[in-house]
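Trainee: If you scroll down you'll find the structure; I have some questions about it.
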Amino acid sequence: MTNLFKIVLIVCGLLFINGCSVSRVDINESSSESVKLININDTSHQKLIKHKNDSFISLEYLHYRPVEYETQKVQENENVHPNKGGLIYAYYKNISKQPITLAHWRWNNFDESVWRLDNLICWDRNYGSRINPGQTSVLEINAISEDFAENNDYNFEFISKSTWKSVLNHSGKLIKDEISIPLIRFKKGLRSMDIHVRNSGGEFIKIEEVEIIGKQKLKSNILGRTLSPSGHAIASVDLKRALNESELVIIKIKINDGGEIRSVMAHRRAFVDYFPIGTWGAKPADYLIQRQHHIDTCVEGSDLESEFYKINSGLYGYKSLATINYNNTHSLRINGKKNTIACLQLSDEPDWVTHPQQVLLQDSIARNAYPYAPTMTTLCRNVTFFEYAPIVDLPCMDHYCVTAPSTSKWPFPYGTKLEETGYYTKDLKVASEPKPIWVWSQGLFDWDERPNQTVPTPEELAVQLVQNIGYGAKGILWFTFRKNPGMKYPETRNAIREWGRVLRLIREDILGSEPILHENIVSPANVDAMALVNNNKLILCVTNKDYNMHQNGYKFNMHKKTEIKISLPSWISPKNIVKILPKGIKEMDCNYDNSGNVTIEIDNLRDAMVIVISNNEQSGNAFKARFKSLLLDEKRDFSRGVDEIVDSYINGKEILNREKTDTSVETVNSSIESDHIYINISDIKTPSDRVSKFTKSNSIGIRSSNYDEKIDHDCFLNPDGRVVLCVRNRKNKKITILVNQENLNFIKSIPAKSIGTYLWPGQ
């Protein structure tokens, strides 16, 4: 009895310890044994179950980006408390068999509340406080304290809400990864994306696999799979099912880094990427002239019952930067999705007076009120970009270099170096990756700092614009386009129209492009050369830095000959090179060697220019055809709506009496079911040998897609600048198609066993 009694006591003691006194759950890769928490829900209590060699949550990847901004070429006043930290994105996965609810995180043995209250971090955001088994999420920490400086040691924990014990414990050193994902681009239909990978290090790496967490891939393709030092790669992925708007998308790329297999990760919310050509103010009386100057986006309120959203946006093909009234988000909630909203604009220039935590709150309110569009805010101080830009989906900035107020210290009251706006764009991009960024570029607005020339000259406008594009802007917003200064300075107004042509020609290409590292470009000291690369093109942005600053307008010295050498990404082959000029397209030659280096000689560089190197021999002809269509738009009466420019034919016969569905998207009943056709006029297939009543012998095949794969169609670009879409309905019933091409969207119906053909000026 004595021995039996001892055994019972021992067993009871062990059960008591196991059930009531587990002090913490340490997850450390070096430990041979760990404890796992499983919540068992019954009528009264939860139990703790011990498992060996198992964990609750694994840290999949910790992305660290130390704060970075230009200090030598830009003289910006520092904050009272300068940023000495950086961005931390902790990607974690629930590897248990039960859901886990997280209470808070800990850093170096201090709870998150300590870091917040002591103003050592600006803000933090967790996308998954409750995570299901197998689910991956991310915690964002925006830190400004030197406790988060590069090379510091850290210990990171998650605390469970059910037990208040640690379910993740990870130690390491804050080191910036030389391999990064600078851009995730979502295409129309949200079933395709381009993922850029950059190697900032000195060693070769190889991409082994691309994973979209929790999503099934249909197909993928990797360009530049082996990245040399300072190299670049692009992974294109098609998904089996479309993403939901606003859905958090986490990218995981497995790489071979010197024999070590590891991963890098990045994330952003899913929205179809859009390149606006916008302006701040727009009145009904100005709609027509603005659209004829290629401006298609403007700042509007968030009242979806207004005349702009009900009528004018559909007629003129406008999208809006919808400013949020936080006292009344009712209109957004009750009206549902509106295709004309490009983004939700939060408070303007909050980095002057608003704390980042308040902007985070604004962002949360906007996301909850309207999940169909990205959030956006405009910043102005490069020293604060790291603190504010990562909050929103679309970070934006404004920095004007002549005749305007400035946050930086200028050498003269009337202006500074024009390339300064490029430094700000670059700083914003570094703080925002992998999200796209927009930029307010200087346009028509009367400032007081330069009385003899209150707006930028055409040359000053051009250099600032091309700087912004070259350093990574994925949208250009003119500040601004006002009628009165446009009448006083018609040459600057004309420059906005002419450079609008350039933007419309290349903006779809720019959306999928990312700057390559400057180490790959050699140019003269008085010339700035920036190169962007996508799947089939390299876009070279060149500006002249040889000018004299003057209060009556900067005086530029012409460069008769300029030689630029570029180390091309492995998949770019210069089969066609053109200058995209405001007044037209010019073919160019180059010297190309077997090592992948191309040398371009530029004649007569006055201010700025854009050069496109393409893998397709027909690229130049396509640009010329599209240029013709842009000239037509400058004389078009946009008030007559979309249908006035779309010619429709059924079985070769023109439609004179339109049906109910033959109209623009904004006025169509949302209950109409349709197949979506996405037209990408910048993506050339092969030259067409098809000749018909509508297609010419020298027409060019262009990319189009229909993800439902229910209809058969072809798309061409004629030399006159018109797009030809031919759709074959092989079914025994009528079908309805929704066509999307930039800001031109329309719905058409095709009878059973018929062919529908549609022609319009390429947008």
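The values are calculated or read from the model by the stated rules, or taken from the named source; none is laboratory data. Given the structure is predicted, the values throughout are model-derived calculations rather than measurements. For neighbour counting, all protein chains shown are included, and Cβ atoms are generated from backbone atoms with ideal geometry for every residue, glycine included.
Trainee: Going by the structure shown, is C396 touching a strand residue (DSSP E or B) at 6+ places or on another chain (Cβ under 8 Å), within 27 Å of I184 (Cβ to Cβ) and either hydroxyl-bearing (S, T, Y) or in contact (Cβ under 8 Å) with a residue 40 or more places away in the chain (or both)?
Mentor: yes
Trainee: Within the stretch 89-136, can you find the residues that are surrounded by fewer than 16 Cβ atoms within 10 Å (Cβ to Cβ), touching a Pro at 6+ places or on another chain (Cβ under 7 Å) and within 27 Å of V392 (Cβ to Cβ)?
Mentor: Within the stretch 89-136, just R130 meets the criteria.
Trainee: In the list Y370, Y326, Y400, which residue meets the criterion of being of a type in the set (F, W, Y) and touching a Lys or Arg at 6+ places or on another chain (Cβ under 8 Å)?
Mentor: Y370
Trainee: Scan (1) within 20 Å of the chain's Cα centre (by Cα); (2) farther than 25 Å from T279 by Cβ; (3) not charged (D, E, K, R) for the single condition N368 breaks and write down its number.
Mentor: Here N368 meets the rest and fails (1).
Trainee: Among the listed residues E140, E150, which satisfies the condition of being of a type in the set (D, E, K, R), part of a strand (DSSP E or B) and outside the structural domain of V359 (by TED's automatic domain parsing)?
Mentor: Every option except E140 fails the conditions.
Trainee: Criterion first (farther than 25 Å from L581 by Cα, assigned to a helix (DSSP H, G or I) and at pLDDT below 85) does D643 satisfy it?
Mentor: yes
Trainee: Something else about it: Would you be able to say whether some residue in the stretch 198-205 is in contact with a Gly (Cβ under 9 Å, 6 or more places away or on another chain) and aromatic (F, W, Y)? Even if it seems obvious, please write down each step before you answer.
Mentor: Restricting attention to the stretch 198-205, the residues satisfying the condition of being in contact with a Gly (Cβ under 9 Å, 6 or more places away or on another chain) are 198-199, 203-205.
Subsequent filtering for residues that are aromatic (F, W, Y) retains 204.
Among the residues of the stretch 198-205, at least one is in contact with a Gly (Cβ under 9 Å, 6 or more places away or on another chain) and aromatic (F, W, Y), which makes the answer yes.
Trainee: Considering S230, S200, which residue is more than 20 Å from the chain's Cα centre (by Cα) and on the phi > 0 side of the Ramachandran plot?
Mentor: Selected residue: S230, the only one of S230, S200 that is more than 20 Å from the chain's Cα centre (by Cα) and on the phi > 0 side of the Ramachandran plot.
Trainee: So, one more: State which residue is farthest from the chain's Cα centre (by Cα) when the search covers only the stretch 598-622 and only residues that are surrounded by fewer than 20 Cβ atoms within 10 Å (Cβ to Cβ) and farther than 20 Å from L461 by Cβ.
Mentor: Only one residue fits best here, namely D603.
Trainee: For the subset of the stretch 51-81 comprising residues that are outside any strand (DSSP E or B), of a type outside the set (V, I, T) and modelled with pLDDT of 90 or more, which member is nearest to K176 (Cα to Cα)? First the steps, then the outcome.
Mentor: Initial filter on the stretch 51-81 (outside any strand (DSSP E or B)): 51-56, 67-75, 77-81.
Of the ones still in play, those that are also of a type outside the set (V, I, T) are 51-56, 68-70, 72-73, 75, 77-79, 81.
Checking the rest, the ones that are also modelled with pLDDT of 90 or more come to 56, 68-70, 72-73.
Values: F56: 27, E68: 12, Y69: 15, E70: 18, Q72: 22, K73: 23 Å.
Restricting to residues being outside any strand (DSSP E or B), of a type outside the set (V, I, T) and modelled with pLDDT of 90 or more, the top hit is E68.
Trainee: Taking strands (runs of 3 or more DSSP E) that do not extend beyond the stretch 154-273, which have at least 3 residues that are closer than 30 Å to R367 by Cα? Write out each step before concluding.
Mentor: Details: elements: 166-173, 179-186, 192-199, 205-212, 217-223, 232-239, 248-257, 260-269.
In the stretch 154-273, 179-186, 192-199, 205-212, 232-239, 248-257, 260-269 are the strands (runs of 3 or more DSSP E) which contain 3 or more residues that are closer than 30 Å to R367 by Cα.
Trainee: Hey, can you tell me all the residues within the stretch 546-580 that are charged (D, E, K, R) and not in a loop (DSSP other than H, G, I, E, B)? Before the answer, list the steps.
Mentor: In the first step, residues of the stretch 546-580 are kept if they are charged (D, E, K, R); the result is 546, 555, 560-561, 563, 565, 575, 579.
Once the filter is applied, which keeps residues that are charged (D, E, K, R) and not in a loop (DSSP other than H, G, I, E, B), the stretch 546-580 yields K555, K560, K561, E563, K565, K579.
Trainee: Return the only residue of Y326, Y287 being in contact (Cβ under 8 Å) with a residue 60 or more places away in the chain and among the aromatic types (F, W, Y).
Mentor: Just a single option satisfies the conditions, and that option is Y287.
Trainee: Turning to a different aspect of this structure: So is S263 in contact with a helix residue (DSSP H, G or I) (Cβ under 8 Å, 6 or more places away or on another chain) and modelled with pLDDT of 95 or more or not?
Mentor: Spelling it out, it is not the case that S263 is in contact with a helix residue (DSSP H, G or I) (Cβ under 8 Å, 6 or more places away or on another chain) and modelled with pLDDT of 95 or more.
Trainee: Does I175 qualify as being surrounded by 16 or more Cβ atoms within 10 Å (Cβ to Cβ), at pLDDT 95 or above and more than 30 Å from D675 (Cβ to Cβ)?
Mentor: On the way: surrounded by 16 or more Cβ atoms within 10 Å (Cβ to Cβ): no; at pLDDT 95 or above: yes; more than 30 Å from D675 (Cβ to Cβ): yes.
Here the answer is no, as I175 does not meet what is asked.
Trainee: Right, something else. Go over the candidates W123, W115 one by one and state the one that is under 31 Å from the mean Cα position of the chain (by Cα), of a type in the set (F, W, Y) and not in a strand (DSSP E or B). Full working, then the answer.
Mentor: Numbers: W123 fails: not in a strand (DSSP E or B).
Criteria check complete, one pass: W115.
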